[in-house]
Amino acid sequence: MPVSNHFASEAFITHADVDWGSERLLTALLSRKGAFLDVGAHIGYYSLYVLPRVLAVYSFEPDPRVRVFLQKNVGRKPNIEIVPCAVGATQGKASFTLELAAEVSHLSAKEEKAENQIEVDVVTVDAFVASRKLTIEAIKIDAEGHDIDVIRGALAVLEQQKPLVLTEAKPDAVLFDLMHRVTYRVFAYVRNPQTRSKSFAELHPHASIPGETKMLFLIPDGLAEEIIREAARPHEPS
């Protein structure tokens, strides 16, 4: 892991528990039925974590600085393909802001003007999956504020294939409306800000969240009971 990378340090310090157990739970639900899309792959943390439980991994990373480390980490794995593109709601070209801390680099907002911007290709999940004729088992999305756009560009895949989704999207009205359209439910590990204890819970529109969340699970209605059972099952620490 690159010693100058903040995320790499976090992965090391937490013993691969960066997202409060979300990575473990997601992986436990996979059964090598299809491919995994790692949107915002960064240095390949999730790509490598889930690789043993899927048929193939597609690691999307538009930041050329980070892709150097991503290539070192996953480049020799036969079932991982690095896709040097951003992912969004529509296909085309877009400006991408290269932040000093690479883990928070992002697609640029329209009003955002900076010298540290490059042009990148943008694909949608729907178009990418259709072009490759892929079966998708799960998707992880960490697009630094643009997760909802990635989801908008993946609605056909969600409706037709019903993959599991792990995302940093906010649990707001926009997300719940999109999930209602494809018959998905929203779950998350919720952390008490005082005690730091965590519990797994379903989130609902118009209901307050009793704590802090980090990653959200977007789960097809038919698989909701399975993830609830798996989250409740005792497991050994990593």
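Is there a residue being buried (at least 17 other Cβ atoms within 10 Å of the Cβ), without any contact (Cβ under 8 Å) to a residue 40 or more places away in the chain and of a type outside the set (Lys, Arg) anywhere in the stretch 212-232? Checked the stretch 212-232: no residue is buried (at least 17 other Cβ atoms within 10 Å of the Cβ), without any contact (Cβ under 8 Å) to a residue 40 or more places away in the chain and of a type outside the set (Lys, Arg).
Scanning the stretch 192-238 for residues that are assigned to a helix (DSSP H, G or I), in contact with a strand residue (DSSP E or B) (Cβ under 8 Å, 6 or more places away or on another chain) and of a type outside the set (D, E, K, R) yields Leu223, Ala224, Ile227, Ile228, Ala231, Ala232.
Among the criteria (1) within 21 Å of the chain's Cα centre (by Cα); (2) exposed (fewer than 10 other Cβ atoms within 10 Å of the Cβ), the one Ala188 does not fulfil is (2). For the stretch 130-185: of the residues being hydroxyl-bearing (Ser, Thr, Tyr) and in a loop (DSSP other than H, G, I, E, B), which is nearest to Lys33 (Cα to Cα)? Result: Thr135.
Candidates are the residues of the stretch 66-95 that are touching a residue at least 12 places away in the same chain (Cβ under 8 Å) and assigned to a loop (DSSP other than H, G, I, E, B); the one that is surrounded by the most Cβ atoms within 10 Å (Cβ to Cβ) is Gly88.
Every read-out reported here was derived from the displayed coordinates using simple, explicitly stated rules and does not represent laboratory data. Please read all numbers here as calculations on a predicted model, not as lab measurements. Using ideal geometry, Cβ is built from the backbone for each residue, glycine included, and neighbour counts are taken over all protein chains shown.
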